[in-house]
Every structure is written in C-alpha cells, then in structure tokens.
Ligand SMILES: *Cc1c(COP(=O)(O)O)cnc(C)c1O
C-alpha cells in the first residue's frame with residue numbers, strides 16, 4: 001500500500017530515539033514525498049531505494065556528529081589513512097547491518113510490496129578501486145570504526161570508478177562506470193572545507209627577515225579540492241567515522257579573470273581541465289602507467305588531505321607544531337600517496353615557517369608506509385623532468401632529502417659509491433627518475449609488508465639495503481578482511497547457524513569463531529552446514545545463469561577463481577587444468593570424477609593485452625567444454641563478467657574450492673583467499689602470500705598444497721626447461737597439443753600462440769609449466785576428498801573455525817598498537 005499512512009513498527013529500533021526520528025516506514029514515506037517529491041501511486045524502485053538510504057543515513061548522522069564531537073574534544077592522537085583507492089561496494093546493506101535495522105527495514109519495505117534484497121540491488125557499487133589494495137582500505141575503515149579508533153580515510157571522489165566489464169565475442173569490453181548518476185545518498189559535500197592545490201610554476205628563493213633562506217612556489221596554476229564526506233559506521237557501537245573524498249574543481253577567481261577578459265569559452269575549458277583530475281580512476285592493478293594526470297591525482301589527494309589536517313591542527317593548537325609528530329600519523333597505502341613526505345615538508349616550511357630540521361623531524365615521526373607488491377612493474381618511478389615541471393617545489397625538496405640522505409650514508413658507510421647509487425632516491429642515467437618507494441622509506445618511521453612471507457622477501461630482496469640500515473623500521477602486518485561484510489552480511493544463512501551454535505561475539509571478535517571447531521565432528525551440524533552451502537550455491541546458480549546462460553549443477557563441486565586477471569595470478573594454470581579434465585572426459589577416463597563447475601572472473605587492465613587474451617581463452621575453452629555432450633554432467637566452465645564487490649558477496653558464500661594459485665613469491669598477501677576461507681571454502685594453493693598463514697592456521701591436512709616454494713621458483717628460473725617437462729608428461733603434452741592445434745579457436749587460428757609460446761619459454765617469469773603436474777595431482781586429491789561429503793563438510797567447518805586470524809580487526813589492532821600507537825575514543 002504505497003503512500004498510505006505507515007503501519008506501526010513491529011520491531012523495536014533504538015537508533016531513532018536520540019535523533020528524534022520516526023519509525024523506518026514513516027521516514028521512508030516522508031523522504032519519498034518531501035525529500036524526493038515522489039508521490040505516485042506506483043512507487044519507483046529507484047526512488048524507494050533512495051528514500052530508504054536517506055532514512056538510514058539520517059540514523060547514522062546523529063552518531064556521526066557525536067563521534068566527530070568526541071574527536072574534536074580530545075587532544076589524543078589521530079590517524080589518517082591515505083589511499084588512492086577505496087573499493088567500498090554498497091553502503092546500504094552494510095549500514096543496516098551495523099545499525100541493527102534489518103528487521104525494521106524489512107517490515108517497512110513489505111508495506112511497499114518489495115524486499116530488502118530488491119531495494120539493495122538498486123545501489124551502484126562504489127567501485128573506487130581496482131582490487132585487493134582498494135578493498136583492503138575499505139575493510140580497514142570498517143575495522144577502525146568497529147574498534148572506535150580515531151582514523152579518517154582520505155581519498156579521491158572519482159566521477160567514474162572501476163570500468164564495467166562486458167564480454168563480446170569472448171573478449172573484454174570496457175564501459176564507463178558513472179556510479180554517481182542519480183546521486184549518491186551516502187555523501188555530504190563540505191565546500192566550506194575546500195583546499196587550494198598548486199601545479200606547475202616555479203620555485204622562488206629568498207632570504208627572510210631573520211636572514212634564513214627560503215623557497216616558495218610561484219606562478220602556479222591552482223585548482224580547488226572540494227571534500228565529500230562518507231559515513232563509516234562501526235558495528236552497533238555508536239561510532240561513525242569519516243571517509244573524506246576530494247573532488248577537483250576550478251578556482252573561482254581563475255574563471256573570473258578569464259571571464260572579464262572576454263574569454264568565456266576559455267574559462268569553461270579551464271574548468272574542465274581542473275575537473276579532469278578527479279574524473280576517472282586509473283584501471284591498472286599492480287602496474288604503473290606513468291601518466292601526468294595520475295601524478296596530478298596523487299599530489300591532489302595528498303596536498304588537500306595534509307592541508308586539511310594542518311588547518312585543523314592550527315584551529316585546535318595554534319601554529320605550535322611541537323607535538324604535531326606525536327599526535328598525528330599518516331598511513332600511506334602503497335607509494336601512491338608517497339609525495340606526502342615532501343608535501344608535509346613544504347607545508348611546514350613554506351606555509352608555516354619551520355626550518356628544515358624541525359620539519360624533517362616532524363615528517364619522519366608521522367609518516368608510515370605500507371608496501372603492497374614485489375612486482376618490478378608495479379614499483380612507481382616518476383621521471384624527474386615530469387615531476388619537476390608539474391611539482392617544481394616538491395622536486396626541490398626531494399633533491400634536498402636525497403642530498404642529506406646521501407651525506408648520512410657516506411658517514412655510515414664511507415667509500416661505497418655503488419651503495420649510494422643503489423639507495424639514492426633518484427636513479428642515475430640520462431633520464432633520471434624518482435624512486436617513490438625509497439622516498440617513502442626514507443621519510444617514514446615504519447615500513448610494513450602485508451603477509452609474513454612478503455615482509456621477509458622485502459627485507460631480504462627489494463629493500464635489503466634499507467633493512468640493513470634501519471632494521472627496526474620494518475614490520476609485518478598480515479592483511480585481513482571484515483567479517484561483518486564478508487560473513488555476517490553476505491552469508492546470512494551461515495551467520496545465523498554460527499550464532500545459534502556459538503553465540504554472536506565472533507562478529508566483533510573473530511578469534512571466537514574457533515569455538516566452531518568441535519562441531520566439525522557432529523554429523524547433524526555438518527548436515528546443517530551443508531544445507532547452508534547448498535542454499536548459497538542455488539543463489540550463485542541463478543546469478544551465473546542470468547549473466548552467462550550457463551546452468552551449474554547443484555551437486556557439482558564449485559571451483560572458483562575470482563580476482564584481477566594477471567599473469568602472476570596464473571588464471572592460465574587454471575584453464576590448463578580445465579583442458580586436462582576435458583581431455584580426460586573425451587578419452588572416457590572419468591572413473592571417480594566428481595562433477596565440477598569452474599567459475600573464473602576478474603577484470604583485465606584495458607592496456608594489458610595478454611590478460612585480455614587470457615579472458616578470450618577462458619571464454620573459448622568454456623564454449624567448447626559447455627557444448628561437449630560427454631562433458632555435460634561432469635564439467636562446466638564460465639567466465640563471469642564484471643567481477644566486483646557486490647558479485648563477490650554472492651560468489652564467496654557459495655564457493656567450495658578457492659583457487660589461490662599465484663607463482664610463489666608474487667602475491668604479496670591476497671585477501672580473496674581469506675573471504676573464501678571464512679565462508680567455508682577449502683583452498684587449493686601455492687605457498688605464497690597469506691596462503692602460507694591460512695595453511696598454518698587450518699592445518700596442512702585441511703588445505704590442498706601444490707607447487708614450488710618461492711625459494712624453489714628462484715632456483716628453477718636458473719635452468720628452466722618447460723619443453724622438456726611437456727615432452728616428458730603425456731597429460732601435459734596433450735593439453736598443449738589441444739591448445740596449439742587450435743581446438744578451442746578453429747575460426748581464429750593462432751590467436752593464442754602468444755600464450756602457448758609464453759608457457760614454453762624458458763624465461764617464463766611465472767613458471768606455469770613447472771607447477772602443472774603438481775597442480776593436476778592436488779586437484780585429484782580435491783576430487784577424491786569431495787567424494788566423501790561428510791569429510792569435506794568437516795574440513796569446510798574447520799576452515800571457517802580457523803579464520804579468526806584473518807579478520808581486519810586483528811590487523812587494525814596491530815597497526816594501532818605497533819605502528820600508530822593510538823587508543824580507542826570512548
Ligand atoms: C577481495 C577482492 C579482491 C582481492 O582478491 P585477491 O584474490 O586477493 O586478488 C579483488 N576484487 C574484489 C572485488 C574483492 O572483493
């Protein structure tokens with residue numbers, strides 16, 4: 001009964017009392033009619049979503065103001081998480097979960113003839129990130145709010161987020177993601193807090209009244225950074241933290257000048273130039289593209305955020321920066337915001353008049369850097385000429401930091417010019433570049449990796465020289481994921497079963513989930529566990545069928561690999577295995593083979609041709625496999641388009657086998673692996689990233705291990721002969737023969753030869769063929785284990801029960817204790 005007077009709330013809803021809000025159904029009614037002016041008989045779903053979102057937001061705002069007041073009213077330390085990416089996904093369902101509003105909202109929506117699921121589907125994902133790094137930032141903010149920590153996220157409000165992926169003719173097509181069309185009910189613009197950002201121009205030097213030399217940035221082209229705040233609710237704890245996202249805009253007087261000079265069109269064009277900065281997220285994961293606009297984005301975020309923090313500092317404490325370093329901490333999410341080091345120096349010196357030594361002491365006591373990758377192609381380097389042209393004053397400061405660092409090195413290690421060259425912030429040569437990771441290390445008091453192995457490899461490899469110089473700076477913080485989104489919200493069936501069995505404390509203390517372990521031995525519990533999984537599998541079956549037309553069988557093993565498409569993640573190895581199974585089926589070798597549905601999903605960077613070709617291969621193999629009558633009941637393969645947060649929320653609850661098959665030493669941590677484990681999937685994995693810790697936690701008997709270790713890979717590379725391996729293994733050879741004979745691409749001969757010749761190349765960096773036999777054997781063990789469903793369910797329960805270590809609450813508690821030295825606001 002749309003627009004009729006709302007019925008009384010059946011459920012008690014405590015979140016409205018202080019804010020003076022009515023029951024949810026009344027609030028929806030009010031916002032539909034008055035905020036949105038929608039008063040039609042038939043309520044439009046989009047409007048209903050918006051009215052609901054605003055109603056929920058209203059309930060957050062009282063707590064948000066409250067949290068902000070507490071922050072403002074204390075002199076305690078604050079932390080700022082600086083990240084070019086926040087892969088948030090949807091906010092409505094998360095807010096409803098955290099405010100404990102689900103029952104009231106369901107009742108309210110019923111009177112409008114719809115469900116929460118249907119309303120939630122209206123929300124566009126906030127896809128302001130590429131993959132793991134951006135999703136980590138979102139999980140971290142959730143955990144900070146859950147732990148009541150005074151942490152503010154700073155990022156960019158991209159007009160266009162991560163592109164939407166379509167498949168046409170088996171190939172990836174990218175569509176722009178205009179996620180803000182139709183408005184974003186989760187943001188509040190704060191134009192009064194706009195900051196001014198400089199670009200281009202030059203440095204002018206002078207001597208101040210005290211005879212001190214100074215530099216200043218002159219003749220700059222300025223743009224405005226306008227903040228939009230998003231609420232980050234804690235879990236039923238009254239805390240709502242802030243994610244502040246900056247949008248670029250033209251400065252008012254620039255337009256005015258042009259306008260007065262009669263250059264109306266030029267003024268508008270300049271406005272576009274300024275607005276370009278926050279227009280689009282760069283869709284590269286684990287690789288850099290060196291574009292000027294990307295560097296503009298980095299500096300734009302950093303300068304706006306630091307100015308914001310300094311402005312608030314001065315408002316609270318005046319221009320005395322003595323305690324600034326101990327009361328503020330900036331966590332740099334990778335090197336993307338590494339220009340925070342020279343920018344804080346600049347602001348303290350040029351804007352607030354501090355001398356170099358004081359400014360440096362402050363800067364190096366409040367910057368902390370997280371490294372996310374060992375891949376050389378992902379290590380940021382900016383050409384000195386570009387840097388100096390775009391950010392002349394910063395380039396001066398970087399040179400000075402480097403000069404002083406070189407002096408320090410020369411004192412500690414005399415006569416080692418090779419060492420100085422290796423460690424310099426600026427690499428030599430005729431086209432010199434700034435090494436952003438080194439800048440971040442020199443300017444920070446903490447450098448952390450994101451899983452045990454990753455941190456060890458940083459210390460022994462990439463950053464070995466720096467580790468020798470400053471061993472105490474280096475530390476590990478194994479990544480985690482929030483169990484609120486990645487279990488409570490996305491898997492309500494499992495959430496309810498777990499809570500009924502061991503209570504609900506695990507939602508804020510995931511170590512408690514180990515209480516589930518004894519129930520693995522309880523046959524009736526296992527039956528209920530399996531029923532939940534089958535329910536989730538049905539939902540995924542529908543999701544996949546709707547999007548691909550392929551129908552998965554409910555009894556099949558759900559074998560899933562979803563993540564960015566990248567050679568090091570080895571989706572190719574997964575495809576080789578599917579081809580191997582297909583080959584066995586065609587040969588009639590199917591004794592004891594369990595039915596298997598393989599799902600692969602993920603986006604390729606638009607310029608990454610090999611990754612895009614891997615997508616094409618997956619689709620071409622899927623076409624042949626899914627149309628082979630002999631394979632019908634035994635094997636299916638799909639490429640699921642447009643993998644994103646809201647897709648993972650359907651996928652991970654239904655997954656039984658989690659594919660974590662990167663080349664050892666290449667995946668820094670992985671977080672997809674943790675989401676799957678939490679939801680009871682078993683992992684097939686190489687000893688890479690956090691897989692190692694997953695296996696330690698769950699026990700080696702509950703994990704399918706295959707492949708070489710990082711050390712073995714390094715050794716293999718010295719004398720790798722994939723062709724000999726292929727010739728010596730009939731199964732492997734048949735797979736290569738099918739591929740190279742064009743079995744999957746009869747109408748487009750040769751299109752996959754780049755891939756097959758890569759596999760046969762002795763310099764294949766991913767040594768895929770070296771691990772193929774071991775992978776086939778581990779998959780056989782998976783197959784065998786799945787034939788005993790009781791035992792499989794037992795292992796599944798043990799995986800969830802052992803996932804406590806992988807909560808981002810644990811990770812954030814470690815950041816708070818060991819890096820930030822920050823305490824909860826109470
Ligand atoms: C968790 C997640 C990732 C990271 O997955 P990995 O397997 O760790 O690479 C990437 N994208 C989305 C949408 C995710 O939810």
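Where a number appears in this text, it was derived from the coordinates with a stated rule and is not lab data. Quick caveat: nothing in here was measured; it's all calculated off a predicted structure. Every residue, glycine as well, gets a Cβ built from its backbone with ideal geometry; the counts of neighbours run over all protein chains shown.
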**Complete:** The residues 466, 639, 300, 86, sorted from fewest to most surrounding Cβ atoms within 10 Å, come out as 466, 300, 639, 86
**Complete:** Distance in Å, no decimals, from the C-alpha centre of segment 398-468 to the one of segment 198-216 is 28 Å
**Request:** Only helical DSSP H runs with n ≥ 4 go in: add -39500 (n - 2.57) per run for the chain, normalise by residue count and round the 222 nm mean residue ellipticity to 500 deg cm²/dmol.
**Result:** -13500 deg cm²/dmol
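Would you mind ranking 709, 251 by Cβ crowding within 10 Å, fewest neighbours first? Write down the numbers at each step before the final one.
Values: 709 15, 251 18.
Ranked by crowding around the Cβ, least crowded first: 709, 251.
Could you rank the peptides 222-229, 150-157 by their average count of other C-beta atoms within 10 Å per residue, with the highest value first?
Working: 222-229: 20.9, 150-157: 25.4.
Per-residue Cβ counts within 10 Å, averaged per peptide and sorted highest first, yield 150-157, 222-229.
Per 0.36 nm of contour for each residue apart, how much would the distance between residue 524 and residue 609 grow if the chain were fully extended, relative to their Cα-Cα spacing? Could the numbers behind the result be given before it?
Working: separation 85, 0.36 × 85 = 30.60 nm, distance 5.02 nm.
Stretched out fully, the residue 524 to residue 609 stretch lengthens by 25.6 nm.
Suppose we take every Cα in the chain and form the convex hull; what volume per residue is that in Å³? List each step's numbers first, then the result.
On the way: hull volume 152.6 nm³, N = 826.
Residue-normalised Cα hull volume stands at 185 Å³.
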**Message:** Rounded to whole Å, give me the distance from the Cα center of segment 787-825 to that of segment 541-582.
**Reply:** 26 Å
**Item:** For segment 311-366 and segment 93-108, distance of Cα centres in Å
**Value:** 41 Å
**Complete:** Neighbour-count ranking for 504, 249 (other C-beta within 10 angstrom, fewest to most) reads 504, 249
**For the chain: relative contact order, % (alpha-carbon pairs under 8 angstrom, 6 or more apart)** = 13 percent
**Asked** Can you work out the base-10 log of I(q)/I(0) for segment 520-575 at q = 0.13, 0.26 1/Å, using the Debye formula on its C-alpha atoms alone?
**Response** -0.50, -1.02
**Message:** Cβ neighbours within 10 Å, averaged per peptide: list 362-369, 559-566 in order, most packed at the top.
**Reply:** 559-566, 362-369
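Order these peptides, 491-498, 309-316, by their mean beta-carbon neighbour count within 10 angstrom, highest first.
Working: 491-498: 19.9, 309-316: 15.2.
Descending mean neighbour count gives 491-498, 309-316.
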